[in-house]
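Take a look at the structure set out below.
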Amino acid sequence: MPATVSCAKISGCFGTVPVGHWYSLQEDGVQKRCQCGCFGDETEFATASGSITGTDLIAQYSTEGARLLSLDSISSRTHSERDINCVIFGPEKELVFEVTTVSGRKVTISSQHPVLIVDHSGEVLAVKAASKMAVGEFVLAEDGVADRVVSIQQKPYTQRMFNFNLASTDAQNHFIPAKRIVLGDNAWQQRLASVDARILLRADLVKELSKSEGDQKS
């Protein structure tokens, strides 16, 4: 997975939101705001010294930069703090997905946000957009335990939605604990956007992780 860059290095932004807040893309020759999978403003993330909400993360990033814990590897389930090199944010006009698990974990994400799907033992099965999830599937909790999804509700959202990229070329490092559920960052969202089904099954995911490991060695 290539190192991520700031919005300004990929043509700036386009649309009605302030400059620098959303990525743009070309689709059939038409420039549009990209459909980045995003977190709700109140989402809590883990750092080496505690937790931080999306609201505080945006403010901190704009003044001094920010670091978050992310997975070292999917197999080890250990975490290390890594730099963030881009934060994007803005209003969400579409319905968001509120995902609740049997343990009581709950997170608000947009329809295209990447989610790590596992089996009941925690073995990774796929990465898929929130809109492709189903009640009864298992997500990975930050402690490495499988947590069954018991509710997926669509609802309007009036706060900001935001996303970010972690500064790493290893695809495994782009999974972060958010509200104690392991989710992908914007680098994984862009990868899903290149797959028509918006799903990466285990075999494709293994290839993606192997590719990023090769990039690290080269």
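The values are calculated or read from the model by the stated rules, or taken from the named source; none is laboratory data. Bear in mind that the values here come from a model prediction, so they are computed numbers and not experimental data. Counting neighbours? That spans all protein chains shown, and the Cβs are built from the backbone with ideal geometry, glycine included. Please note that ligands, DNA and RNA were not included when accessible areas were found on the heavy atoms of the full protein model with its side chains. Shrake-Rupley method; radii C 1.70, N 1.55, O 1.52, S 1.80 Å.
Here are the numbers for this structure:
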read-out: Rounded percent of accessible protein surface that carbon and sulfur make up, the stretch 49-129, 1.4 Å probe; value: 49
read-out: Dipole magnitude of the stretch 83-196, debye to nearest 20 (Cβ charges: Lys/Arg +1, Asp/Glu -1, about Cα centre); value: 400
read-out: Whether the stretch 85-218 is rounded, prolate or oblate, judged on the alpha carbon gyration tensor where a/c under 1.5 counts as rounded; value: oblate
read-out: Charge dipole of the stretch 80-181 about the Cα centre (unit charges at C-beta), most positive-ward option of Pro156, His174, Ala130; value: Pro156
read-out: Cys86 - accessible surface, heavy atoms, 1.4 Å probe, Å² rounded to 10; value: 10
read-out: Local electrostatic count at Glu64 - Lys and Arg +1, Asp and Glu -1, tallied over other residues with Cβ under 13 Å; value: -1
